[in-house]
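The values are calculated or read from the model by the stated rules, or taken from the named source; none is laboratory data. As the structure is a computational prediction, the values presented were derived from the model and not from experiment. Counting neighbours? That spans all protein chains shown, and the Cβs are built from the backbone with ideal geometry, glycine included. Protein only, heavy atoms only, side chains kept; ligands, DNA and RNA dropped before computing areas. Shrake-Rupley method; radii C 1.70, N 1.55, O 1.52, S 1.80 Å.
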Amino acid sequence: MDLFEHVAEHAVLYRRMLSEQGSARFAHMLRDRLTEVLAARFAQGARPSGFDDVPARLHAAYVAGALVGVVSDTVLAGGTRTPRDTAAATWRLLRG
């Protein structure tokens, strides 16, 4: 949920950077940063079970891409979801 709270606090910045007129470099850096954080967490044992046949870094990149999509939708759609609601819905999607 920390990610979504951070995004909510800085929604104007994320909206500008992820909009059609935004920065592909920013989106790329965000995805890379999320991949690094997730890969490190996975290496520490925080990886969901059932994915032992998938390389941890690939799994991290997959989740990071999904998170960038959720962050983009959250700030660009201008909805009324709270960070907690967004985190819960995202977790549900990721768990399948």
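Taking label points 7 Å from Cα along the Cα-to-Cβ direction, Gln21 and Asp85 give a separation of 2.8 nm.
Going 7 Å from the Cα of Val54 in the Cα-to-Cβ direction, what parts of region 82-96 have a backbone nitrogen less than 18 Å from that spot? Once the point is set 7 Å along Cα→Cβ of Val54, 89-96 turn out to lie under 18 Å by backbone N, inside region 82-96.
Average accessible surface for the chain: 70 Å² per residue, computed with a 1.4 Å probe over protein heavy atoms with every protein chain in place.
For Phe42, what charge total do you get from the other residues with a beta carbon under 12 Å from its beta carbon, if Lys and Arg give +1 and Asp and Glu give -1? The answer is +1.
Taking the accessible area of the chain, probe 1.4 Å, and keeping the other protein chains in place, the carbon and sulfur fraction comes to 54%.
When volume of the Cα convex hull per residue in Å³ is calculated directly from the model, which label among [x] 97; [y] 165; [z] 202 fits? Among [x] 97; [y] 165; [z] 202, the one derived from this structure is [x]. Projected onto its three principal axes, the C-alpha set of region 1-51 covers 39, 21, 16 Å, listed from the longest axis down.
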